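Here's the structure, in structure tokens; my notes come after.
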Amino acid sequence: MEVSQIFKQKKAVYSFEIFPPKPTSMLESIERVLDGIACLNPDYVSITCGAGGSEVMGNATFNLAKRLKNEYGILPLVHVTAIHSEKEDIIAYLEELNEADMHSVLALRGDINPDRKLSVSFRYASDLIKFLKEDGRFDISAACCPEGHPESVSLEADLDYLKFKVDQGVTHLNSQMCFSNGNFYRFLDRVRKAGINIPIQVGIMPIVKTVQIERTMSLAGVEYPADFSKMIYKHSNNPEALAAAGIAYATEQIIDLVSSGVDGIHLYMMNNTETARKITENVKSVIRNVNENDV
Ligand code: FAD
């Protein structure tokens, strides 16, 4: 089973994003994350690769994906980034993925690390996607930005490039985190009018720690709606209250999105199984109702 096939079976797909452990972190902490995820039955789990431009070809990503698949029976969606990789690196990595029988990939341009050499083979995600499509063995997902990519000159240009990217052979899109369902619905309307008809999952990031506020605020191209800003600033002095408010906000977003018929939710769980567990508890009956009773 690959990621694109799940969308043929389910109206609302529910998945998580995790990141590989840092080399310095304790082994048992990732064990705990994997055990926690397995109890929550996601449709698949995506694993980041060198986010922030930290690593080129993802050994850590590959190893974690392999564990998810072989030890936990969970389908991994392996992130593959282009901007600091040459064709030879990608060819070697694709062989490894193929040998490990992992064929669902999220093809990205990747975060740019100013200290690293830029690829001469690939400039945009669409270059990598074309390459993967020609290879023929992979089920290709890609990213989209509902509120516009920070480097794009306009929403229109961003949409044109997104359409071009999808036409290279993408079967499904995962969105950048989005805190405004209204903005996502407007994006979906524009995307469908542009003739992009593949499933799009909404990226939901539960804000449960103050450090996440600073990190997501610094991400240009992500809007904080007024009600959301009010809530997180009000409770940023109190970890327990902030976590409760962040989980409630993400829960409400998901219930509204799933009830409105979006193709799925991709939860940026930040390796926090407790948050993922609480949110999953809150939304699972709604997701099940949509999938089982075709409402
Ligand atoms: P692209 O689709 O290539 O777009 C990048 C920019 O170039 C956009 O502004 C687009 O409009 C423009 N553009 C595209 N094509 C053209 C063209 N032909 N001519 C001119 N302009 C063009 N980063 C990591 O490093 N590792 C990860 O694991 C990771 N996971 C992510 C997961 C998701 C779901 C998302 C949304 C992002 C993730 N990122 C990750 C961040 C991502 O790499 C950055 O957002 C990056 O800046 C853009 O990646 P992209 O694949 O969307 O790029």
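Readers should treat all values here as calculations from the given coordinates under stated rules, not as data from a laboratory. Quick caveat: nothing in here was measured; it's all calculated off a predicted structure. Glycine also receives a Cβ, built like all others from the backbone with ideal geometry; neighbour counts cover every protein chain displayed.
In the elastic network of the chain, a GNM with C-alpha springs shorter than 10 Å, the most mobile of Lys22, Lys278, Lys66 is Lys22.
Extension gain, Glu281-Asp135: 0.36 nm per intervening residue step, less the Cα-Cα distance, totals 48.6 nm. The length gained on full extension between Ser4 and Arg67, counted as 0.36 nm times the residue separation minus their Cα-Cα distance, comes to 20.6 nm. Can you classify the chain as rounded, prolate or oblate using the Cα gyration tensor, where a ≥ b ≥ c are the square roots of its eigenvalues, rounded means a/c under 1.5, and otherwise it's prolate if a/b beats b/c and oblate if not? Because its axes are fairly even, with a/c under 1.5, the chain counts as rounded.
Prolate is the label for segment 93-194, because a/c, from the alpha-carbon gyration tensor with a ≥ b ≥ c as root eigenvalues, is 1.5 or above and a/b exceeds b/c. Here the sum of -39500 (n - 2.57) over DSSP H runs of 4 or more residues, divided by the residues of the chain, equals -15000 deg cm²/dmol at 222 nm, to the nearest 500.
Counted residue by residue at 0.36 nm each, then reduced by the alpha carbon distance between them, the extension gain from Thr210 to Asn197 reaches 1.0 nm. Put in line by how crowded their Cβ is, counting other Cβ atoms within 10 Å and starting with the fewest, Asp158, Asp101, Asp256 read Asp101, Asp256, Asp158.
Here Glu86 and Thr24 are evaluated by their C-beta separation; at R0 = 30 Å the FRET efficiency comes out at 0.60. What lysines sit close enough to Lys230 to cross-link, taking a C-alpha to C-alpha distance under 27 Å and skipping anything fewer than 8 places away on the same chain? By straight Cα distance, Lys230 reaches Lys209, Lys278.
Using the structure shown, select from Lys133/Lys163; Lys66/Lys284; Lys163/Lys193; Lys87/Lys117; Lys165/Lys284 the pairs with a Cα to Cα distance greater than 21 angstrom. From the list (Lys133/Lys163; Lys66/Lys284; Lys163/Lys193; Lys87/Lys117; Lys165/Lys284), the Cα-Cα distance tops 21 Å for Lys66/Lys284; Lys165/Lys284. Glu274 to Arg186: FRET efficiency via 1/(1 + (r/R0)^6), r the Cβ-Cβ distance, R0 30 Å, to the nearest 0.05? Efficiency for this residue pair is about 0.35.
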